[in-house]
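Below: the structure, in structure tokens.
Where a number appears in this text, it was derived from the coordinates with a stated rule and is not lab data. It should be emphasised that the depicted structure is a prediction, and the values quoted were computed from it without experimental measurement. All Cβ positions, glycine included, derive from the backbone under ideal geometry; neighbour counts span all protein chains shown.
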Amino acid sequence: MSDHLPWAVPLGLDEFKSRAISSKIKSGTSGSSGSVMHRVEPGGAEYNYASASMGAKLLGSNKEAKGASNILSRDKDKYLRNPCSAEDKFVIIELSEETLVDTIEIANFEHHSSNLKAFELLGSLSFPTDVWVFLGNFTASNVRHAQRFVLQQPKWVRYLKLNLQSHYGSEFYCTLSVVEVYGVDAVERMLEDLIHTQDNLLAPGDGNADKMTVSPHPNPPESEDAHQNTFGGINSYPASDISSANHEKLNSNVPDPVEEIRQQVGRMPGDTVLKILMQKVRTLDLNLFVLERYMEDLNTRYVNIFKEYSKDIGGKDILIQNIKEDIRNLVDQQDAITKDGSDLKSWKSHISMQFGHLLRDNAVLR
């Protein structure tokens, strides 16, 4: 049994926070090139832009297709059905809103049919359209569960066209149970783009501020001359002078850009407020994430520590019981030795007394 505890001391919250943030930043930078943060529902589930309950609609399909709108709901008993021999099988879906499509999920739960194999995904911001943007070619596995496919380059689209190109097996019908689409929250992405653009425009050192110069306004005519020109009669001046005067009058109504800049100094722009709020929300979210991770880590560590404590205490309790038993045995042995000593002492006294009697008897006999 070791004399010291072998467990490491849990990290402090500050050190744990620095490590967690650095690891999250590393994972975010390594995965930022190929993925986006999907929009989620209030309950935490990923927001499906191709769900009928969210407002998605089926706009078209090939004439042989039956039950095409069933792919917009996750009902395993309903599906899109096509004769496998049909050519140009496709569906056109209107998403619930415009989004940066990053991932598509398909599934076929019908057993007595052929599974989708190869398909092509196209997108558009408007419909009807003659120009579809290519999003990718994908090959599904011959399985009866959901499969996800990530776009190499996410695209902003509102309408999707799914071309069903080939299938597995030789069944008469080819079926598809569900199509789900995931992407980034459009509002948050627009705010980020707006803030990024404003940061680029307002970034120091770009030379734009130095290049902006305000040309001085021409000296306005003297007030007395203007008064005389006004009441001196229209016929006394040519038309060119009148148009020039009107032009100067219009220019006088245009606000001075220098004055506007002075007025806006000290006023916080709206995008700056949004930026601050978003930074605060992200900071709170990150702190909550770190705190949850820290509490989980502490809980796991202390549960293990208490288990080891219980085992250690149990072993030491057994050792203490054995020591107590040994002490009892020693006490019993001591009592036995004491008793034997007293018996020996009494026997010695008895022998001495008998020896004295023998000596007296011997003396009498002499």
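The amide H of Phe109, built 1.01 Å from its N in the peptide plane, has Ser177 as neighbours under 5 Å, considering only residues 5 or more places off or on other chains.
Below 8 Å, C-alpha to C-alpha, sequence gap of six or more: please give me the relative contact order for region 52-184 in percent. Value for region 52-184: 36 percent. Under Stokes-Einstein, with the Kirkwood radius over Cα pairs as Rh, the value for region 52-184 at 10 °C and 1.306 mPa s is 108 µm²/s.
So for region 273-366, considering every pair of alpha-carbon atoms, how many percent are separated by more than 15 Å? Roughly 81 percent, rounded to a whole number. Its Cα centre serving as origin, region 280-366 has a Cβ charge dipole (Lys and Arg +1, Asp and Glu -1) of approximately 300 debye.
Less than 5 angstrom separates the built amide H of Gly136 from those of Leu121, all sequence-distant by 5 or more or on a different chain.
For each pair in Lys316/Lys339; Lys57/Lys155; Lys57/Lys89, compute the distance between the two Cα atoms and list the pairs where it is over 23 Å. Write down the numbers at each step before the final one.
On the way: Lys316/Lys339 34 Å; Lys57/Lys155 19 Å; Lys57/Lys89 18 Å.
Long pairs (Cα-Cα over 23 Å): Lys316/Lys339.
With the highest mean first, a sort of the peptides 122-134, 74-86 on other beta-carbon atoms found within 10 angstrom per residue produces 74-86, 122-134. Size of region 40-101: Rg and Dmax of its alpha carbons, in Å, are 13.3, 43.
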